[in-house]
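Q: This structure is in structure tokens; I'll ask about it shortly.
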Amino acid sequence: MKEDTAHYLGHRERLRERLDNDPRALSDYEVLELLLTYALPRKDTKPIAKEMLSRFGSLGDALLADPGRIAEIPGLGEGAARFWRTLHECRARKACGSIARREKFSSPDQVRDMVCSRLGHLTKEEFWVILVDNQNRLISFERIFQGTVDQTAAYPREILELALRHHAGGLILVHNHPGGNPVPSSQDKALTETIARLADDLGLRLLDHIIVTAETYSSFRAQGLL
């Protein structure tokens with residue numbers, strides 16, 4: 001046991017030295033192996049890293065994997081899943097950093113980055129709303145409903161009540177499609193039409209409805225559906 005332990009600790013130290021000297025020289029599994037040491041300091045993480053790449057297909061997909069799937073991998077567990085949730089949260093907060101400082105939404109890319117980092121990796125549908133003031137500065141980005149793998153219930157009245165309560169000037173609807181297809185469903189279109197009509201009656205601007213997946217997204221505004 002002592003010899004085995006010394007072996008993987010020595011290997012780990014050599015990886016760290018290579019990282020310091022030239023990070024690009026590390027293979028994908030070695031980068032993942034090093035990352036896992038912070039969640040599993042007393043385990044040999046090399047076989048786990050290789051299993052993750054085999055299961056998820058790439059380093060990027062492994063990093064974006066749902067924490068629930070991380071917990072299912074042999075050798076990992078809830079501690080590693082919690083570590084992955086933290087990684088996702090860091091990524092999501094970075095994506096909305098300037099917007100959270102009350103800077104204006106200046107491009108569709110800002111909205112895309114913010115919503116994809118927050119919802120793209122989820123395995124169940126969630127419905128969120130971005131609220132902005134009359135100068136398109138962020139007021140709030142809130143989850144309204146949680147659903148199942150392929151369905152969530154969104155109620156126009158509750159969405160619009162939230163916007164009025166925050167004295168918003170406009171709103172952007174956001175939800176995810178875990179199945180990977182960002183094309184709006186007939187229910188998505190009907191809901192958007194209803195909210196657009198009611199929002200206009202209340203003097204609110206419905207700016208967009210964005211559907212995100214792990215790989216891509218779609219915009220009602222860009223498709224001419226708003």
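The values are calculated or read from the model by the stated rules, or taken from the named source; none is laboratory data. Every value quoted in this text rests on a predicted model; they were computed, and no experiment measured them. Quick reminder, even Gly has a Cβ in these numbers, built from the backbone with ideal geometry, and neighbours come from all protein chains shown. What goes into the accessible areas is simple: the full protein's heavy atoms, side chains included, and nothing from ligands, DNA or RNA. Shrake-Rupley method; radii C 1.70, N 1.55, O 1.52, S 1.80 Å.
Q: Mind listing just one residue for me: the one in segment 54-81 that is part of a loop (DSSP other than H, G, I, E, B) and charged (D, E, K, R) and, of those, farthest from Arg118 (Cα to Cα)?
A: For segment 54-81, the residue satisfying everything is Glu72.
Q: Of all residues in segment 108-135, which are in a strand (DSSP E or B) and open to solvent by 10 Å² or more (accessible area, probe 1.4 Å)?
A: Result: Glu126, Trp128.
Q: Cβ-Cβ below 6 Å, separation at least six or inter-chain, first residue in segment 128-140 and among the aromatic types (Phe, Trp, Tyr), second open to solvent by 20 Å² or more (accessible area, probe 1.4 Å): which pairs?
A: Trp128/Arg143
Q: A follow-up question, please. Test Val183 against the criterion of being buried (at least 21 other Cβ atoms within 10 Å of the Cβ) and modelled with pLDDT of 90 or more, and give yes or no.
A: No, not satisfied.
Q: More than 17 Å from Gln135 (Cβ to Cβ), among the hydrophobic types (A, V, I, L, M, F, W, C) and assigned to a strand (DSSP E or B): is that true of Leu173 in this structure?
A: In short, yes.
Quick grid of which residues meet (1) farther than 17 Å from Arg82 by Cα; (2) in contact with a helix residue (DSSP H, G or I) (Cβ under 9 Å, 6 or more places away or on another chain); (3) without any contact (Cβ under 8 Å) to a residue 24 or more places away in the chain:
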| position | (1), (2), (3) |
| --- | --- |
| His11 | yes, yes, no |
| Glu17 | yes, no, yes |
| Asp20 | yes, no, yes |
| Ala25 | yes, yes, yes |
| Glu30 | yes, yes, yes |
| Lys50 | yes, yes, yes |
| Leu59 | yes, yes, no |
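Q: Report yes if Glu51 is surrounded by fewer than 19 Cβ atoms within 10 Å (Cβ to Cβ), part of a helix (DSSP H, G or I), among the charged types (D, E, K, R) and modelled with pLDDT of 85 or more, otherwise no.
A: Judged against the criteria, Glu51 is a match.
Q: Another question, if that's okay. Looking at (1) closer than 30 Å to Leu138 by Cα; (2) modelled with pLDDT of 85 or more, which is the one condition that is false for Lys104?
A: (2)
Q: May I pose another question? Have a look at Leu171, Leu164, Leu138 and point out the one that is open to solvent by less than 60 Å² (accessible area, probe 1.4 Å), closer than 19 Å to Arg205 by Cβ and at pLDDT 90 or above.
A: On the way: Leu164 fails: open to solvent by less than 60 Å² (accessible area, probe 1.4 Å); Leu138 fails: at pLDDT 90 or above.
Criteria check complete, one pass: Leu171.
Q: What number of residues within segment 67-87 satisfy the criterion of being within 17 Å of Leu53 (Cβ to Cβ) and open to solvent by 60 Å² or more (accessible area, probe 1.4 Å)?
A: Going through segment 67-87 one residue at a time, the tally reaches 3.
Q: Restricting attention to segment 186-213, and to residues there that are open to solvent by less than 40 Å² (accessible area, probe 1.4 Å) and part of a loop (DSSP other than H, G, I, E, B), which single residue is nearest to Arg137 (Cα to Cα)?
A: Only one residue tops the list, namely Leu204.
Q: Next question, about the same structure. Do we find that Ala92 is out of contact with any Cys (no Cβ under 7 Å at 6 or more places or on another chain), at pLDDT below 85 and open to solvent by less than 50 Å² (accessible area, probe 1.4 Å) in this structure?
A: Values: out of contact with any Cys (no Cβ under 7 Å at 6 or more places or on another chain): yes; at pLDDT below 85: yes; open to solvent by less than 50 Å² (accessible area, probe 1.4 Å): yes.
Taking the combined requirement at face value, the residue satisfies it.
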